[in-house]
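Readers should treat all values here as calculations from the given coordinates under stated rules, not as data from a laboratory. What you see is a predicted model; the values in this text were computed from it and never measured. Quick reminder, even Gly has a Cβ in these numbers, built from the backbone with ideal geometry, and neighbours come from all protein chains shown.
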Amino acid sequence: MTLLAALNAADATREVMWNISHSWVMYVLLVPTMLIAGYGVYKQVQKWRSGQPAARFDRPAERIMRVINHVLLQQATLRDRFAGVFHFMLFWGMITLTIATTVVLIQHDFGIEIMKGRFYLYFQSLFVDVLGVLAMLGVAVLAVRRWVLRPKKLVYTDESTWLLVLLFVIMGTGYLLEGWRIAVTNDPWGIWSPAGIIVSKASLAVAGVGTLKTLHLFTWWFHLVIVFGLIAWAPYTKLLHVLTAPLNIYTADLDHGGGTLKQIDFESAQSFGINSLEQFTWKDLLDLDACTECGRCTSVCPANTVGKQLSPRDIILDMQGLLDRSDLASLTGKADGQQPDEYDPAFPIIGATDNLSSDALFECTTCAACVEICPVSIEQLPKIVDMRRFQVMEQAEFPQQMQDAISSLEERGHPFKGTQLSRVDWAAGMDVPLIEDVEAPEVLLWVGCGGALVDRNQKSTRALANLLKKANVNFAILGREETCTGDPARRIGNEFLFETLATQNIETLKTHNIKNVLTSCPHCFNTFRNEYPKLGGNFEVMHHTTYLARLIGEGHLKLDAQATEKIAFHDPCYLGRHNGITDAPRKLLKEVSQQPLVEMEKHGRQSFCCGGGGGMSFVDEPADQRVNQERAKQALATDADTVAVGCPFCTTMMEDGINAVKGDREMAVKDVAEVMWEALEGK
Amino acid sequence: MKTLVCLKQILDPEIPPRDFTINRDSRQAVQGSANLVTNIFCENALESALQLRERSEGEIAALAFGPASAEDSLRKALALKADEACLVEDDSTAYRNSATTALVLAAAIKKLGEFDIIMVGREAGDWGAGQTGGLLAERLGLPCVTFVDHIEASGDGVTLRRQTELGWEKVEVKLPLVVTISNHEENVPRIPKTRDIMMSARKPVTNWKLSDIDLTDEDLKTTGDALDVIDLFIPEKKTDCEFIEGDSLDDKIDEFAKRLAGIVQSA
């Protein structure tokens, strides 16, 4: 302290390029480094630019906020607590070290003397030193994760190993250089570099000043070569995400949490759907290069969880392989058939690998868990639907039961082939007003195919209608005039049929002068809310949970807590994840139940699909690969008596799943409206 | 090989029972909320024809007799790449029995030209008479093989597989002939590609009136009178459920057995 006290902090600095001569060699080496790296980036940028147009630069303020949240604050990355925290340390450590190097550059190459005084001590010495240690710790822990813990979701490549080793070596040699410089120059400010001073003291204990000076010289050049090597190589590795991830997050889809499906101009489109990289938009191609191989998408994919082929991570990585960043076979080990030797934008991608097989694509429930979890805003789901479209509309080759659903939609306007129910059977004896009998109804109750044509759901629909009557809501139904919104057609991949049904429905609702639509089906809700406006259908649409919450809030419906069962809420994907509605149903259930609400481990926007989306509810899954049974097990792991749902598809999928795996345990599945109506009726 | 497939448009047979209505006076089903669809066995026939063309080349013509709306069935056939389509438009809403249909189809086929195989569905999902194929063969003076579910070209004829009560029969037949097609997992109708659906809207469909095939209302009256529908009604569905009383399970079983025996005896 006496020594420190004797010094004036304002004079604090160090000699830049101490011990280094012939520094011009560095600039000579920098030229090929930047050329190689620059070419790597340029090559990829050219590929992205060859993609189809996509408008992703509007609303800059929102986009900047996304970058702040997900790049600077790493919010999405931190959702995986373990890897997230250590990535955060590595991220900010590397940023800080890069700033520190820039400070050296400013001082040395531009001759601006900024490396002095308190800035030098507090930032350039202390802060940089601490952050660098954190970054090194981050790399070390991530290496242990990769080599010892070995989570299934990661991709194990030599590239990943080398990147971790190089980062560690670069930072390690950095501290050796700092420590040896402090030791040899007997730096009076050395104490401000805690890691450096430890290296300095330890080195002096085993070696003399002369040895350290020589070691410093050689290590300095070694450090430089490794750094330049990594910079040159980075654009050819997944480290490219340092550039692509922020760009991808900036250009993310702001409109729809699950990813907006593209519209097709059927008059001019060369291809209905996508079967080659050149047909994707530039954003789709950028997505491929933004992937960091973290595997979160696949780890949350319901189809993959139950052991199916579908893996959103590998769909992205295999397409990235075709975009010529890496060798396909080495990434997945599953490349079959012919692969192009070099980037071929017209190469047919469907079936190019097992991961891109038609079978895998048609296992997707379109739940969008992959899109939701991705830390770098990759839109896996729209690409899967793009390729499904090709199979459906250009090839007419897709699962038979989905074909049956599509044929039924074409012929009968609903996907439930063979149903014995009509659109109005559920209302038998209930005096539910039809649209033609009501003068200007306040809301149209859009029952949906799931709510009307499936036995089980008649009870839920009746409960909802009863609640509306109880609250004296002036509502009506379309009855036989109602047809499917087109959601299953769109998700299966028949965009043409979707447009036909949508246009017809919009026309019907306009004819009846409908303004407000109420529905208990989140799929219908999503279609009305996010997709009909693009086809000229602007209606105010509410999900029944939101509407019922409003009725209670405004005092139209009085609800004393009367349900005695313990209730857990299963978030429907198209309500929670796709549309961000997670509070309204919970509010209702808390209101109606005497017991505290139970939460499943996966809930809210991170909920796990019932298995029924994307046309999958029409498909018989293999007995040992049923998504609904997986979700049923998650529900049974709670101590709830009842699983409340807010979707007719979830109701049947969950009920079937629970009945199949519950054993002796009793667990009921009820729509939120059913829970409420039963409570009101005192059942 | 030149194939002709006859397609019948009918009321959707999968309509929920509650939505199915009839007009007892006119002795006809009422369309109500039911859609018009192509009879499933006719779709099986078209699929069989498409598969035969894939195996041994040739052309497919589609023919329908019905109201103007039956053009939809033909458009779908065109979307599935049938080479030509012809509608004999029926202006009347009168019930057309199998004999009348066969008469009209035969006249149209004669005008359309020579065909090696004429395929019809084994029966239609509305009246389910299952007579048209045989009657058509009779009119054309051709052999007829019924309940066929697989067709293979062989030499100057075809090898047919037909369903029987006991299994399958393999039949070798010389061309030309009429076959009635039954369903099998091999001839599940495919669905058309979207682009082909769009293209089919622009393809021509030959539209003939009865007079174009030299038939008069009088001709149709002759065959029409051959069959008279006296009444048409929806059978009333009745289920009686009775719980058998008794002091013990054994008593209940005894009583149940007695009742069963009674029913068997009376039958």
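Worth a mention:
- Counting only cysteine Cβ atoms and a cutoff under 4.7 Å, chain A contains unmatched residues A:Cys291, A:Cys294, A:Cys301, A:Cys364, A:Cys374, A:Cys449, A:Cys484.
- For the cross-link pairs A:Lys470/A:Lys587; B:Lys170/B:Lys193; A:Lys308/A:Lys417; A:Lys283/A:Lys602; A:Lys515/A:Lys590; A:Lys238/A:Lys283, the ones whose C-alpha atoms lie over 24 Å apart are B:Lys170/B:Lys193; A:Lys308/A:Lys417; A:Lys283/A:Lys602; A:Lys515/A:Lys590.
- Longest exposed-site-free window of chain B, the sites being chymotrypsin sites (Phe, Trp or Tyr not before Pro) in a DSSP loop that have at most 11 other C-beta atoms within 10 Å: B:1-232
- Of the trypsin sites (Lys or Arg not before Pro) found in region A:105-197, those that fall in a DSSP loop while having at most 10 other beta-carbon atoms within 10 Å are A:Lys152.
- Extended-chain gain in nm, criterion 0.36 nm per residue less alpha-carbon gap, A:Asn474 and A:Asp253: 75.8 nm
- Structure-based [θ]222 nm, chain A - -39500 (n - 2.57) summed over DSSP H runs of at least 4, per residue, nearest 500: -15000 deg cm²/dmol
- For the protein assembly as shown, a simple Cβ point-charge model (Lys and Arg +1, Asp and Glu -1, everything else neutral) yields a dipole of about 4060 debye relative to the Cα centre.
- Prolate/oblate/rounded call for region B:194-267, Cα gyration tensor, a/c under 1.5 rounded: oblate
- Where GluC sites (Glu not before Pro) fall in DSSP loop in region A:408-487, at most 11 other Cβ within 10 Å: A:Glu439
- Around B:Ser266: net Lys/Arg minus Asp/Glu count, Cβ-Cβ under 14 Å: +2
- Taking the C-alpha atoms only, the angle from helix A:24-49 to the longest principal axis of chain A is near 10 degrees.
- Here each label is just a point 7 Å from Cα along the line to Cβ, and for B:Asp240 and A:Glu439 those points are 5.1 nm apart.
- Counted without the sites themselves, the longest stretch of chain B free of GluC sites (Glu not before Pro) in a DSSP loop having at most 12 other beta carbon atoms within 10 Å is B:166-235.
- Residue of B:Asp83, B:Asp126, B:Asp254 that the Gaussian network model of chain B assigns the largest fluctuation, springs spanning Cα pairs under 10 Å: B:Asp254
- Label-point separation in nm, B:Ile230 to A:Gln263, each point 7 Å along Cα→Cβ: 6.1 nm
- Cβ-defined net charge surrounding B:Asp254, 14 Å radius [Lys, Arg +1; Asp, Glu -1]: -2
- Neighbour-count ranking [beta-carbon atoms within 10 angstrom, fewest first] of A:Ser50, A:Ser276: A:Ser50, A:Ser276
- Taking 0.36 nm per residue of separation and subtracting the Cα-Cα distance, full extension of the segment from A:Lys43 to A:Val28 would add 3.1 nm.
- Here the label points at A:Phe119 and B:Ser266, each 7 Å from Cα along the C-beta direction, are separated by 10.8 nm in the simple model.
- Gyration tensor (alpha-carbon) shape descriptor, region A:454-515, a/c threshold 1.5: oblate
- Between A:Ala668 and B:Glu186, the C-beta separation translates, for a Förster distance of 51 Å, into a calculated FRET efficiency of about 0.70.
- Region B:2-224 shape via C-alpha gyration tensor axes, a/c threshold 1.5: rounded
- Angle between chain A longest axis and helix A:380-389 axis [Cα atoms, degrees, rounded to 10]: 50 degrees
- Cα long-axis angle, helix A:81-109 against chain A (0 to 90 degrees, to the nearest 10): 40 degrees
- Length gained when the stretch A:Ala54-A:Glu397 is fully extended (0.36 nm per residue, less Cα-Cα span): 120.6 nm
- Across region B:2-224, the mean sequence separation of Cα contacts (distance under 8 Å, 6 or more residues apart), normalised by length, yields a relative contact order of 25 percent.
- With loop membership from DSSP and a limit of 13 other Cβ atoms within 10 Å, the longest segment of chain A without chymotrypsin sites (Phe, Trp or Tyr not before Pro) is A:157-683.
- Estimated from the Cβ-Cβ distance and a Förster radius of 45 angstrom, the FRET efficiency linking A:Ala202 and A:Leu243 is about 0.75.
- If R0 equals 30 Å, the separation of the Cβ atoms of A:Met17 and A:Leu137 corresponds to a calculated FRET efficiency of about 0.60.
- Total formal charge among the other residues, if their Cβ is under 15 angstrom from that of A:Met393, Lys/Arg +1 and Asp/Glu -1: -1
- Chain B: antiparallel DSSP beta bridges as a percent of all, rounded to 5: 40 percent
- Helical segments meeting 15 Å axial Cα length and Kyte-Doolittle 1.0 threshold in chain B (DSSP H): B:98-112
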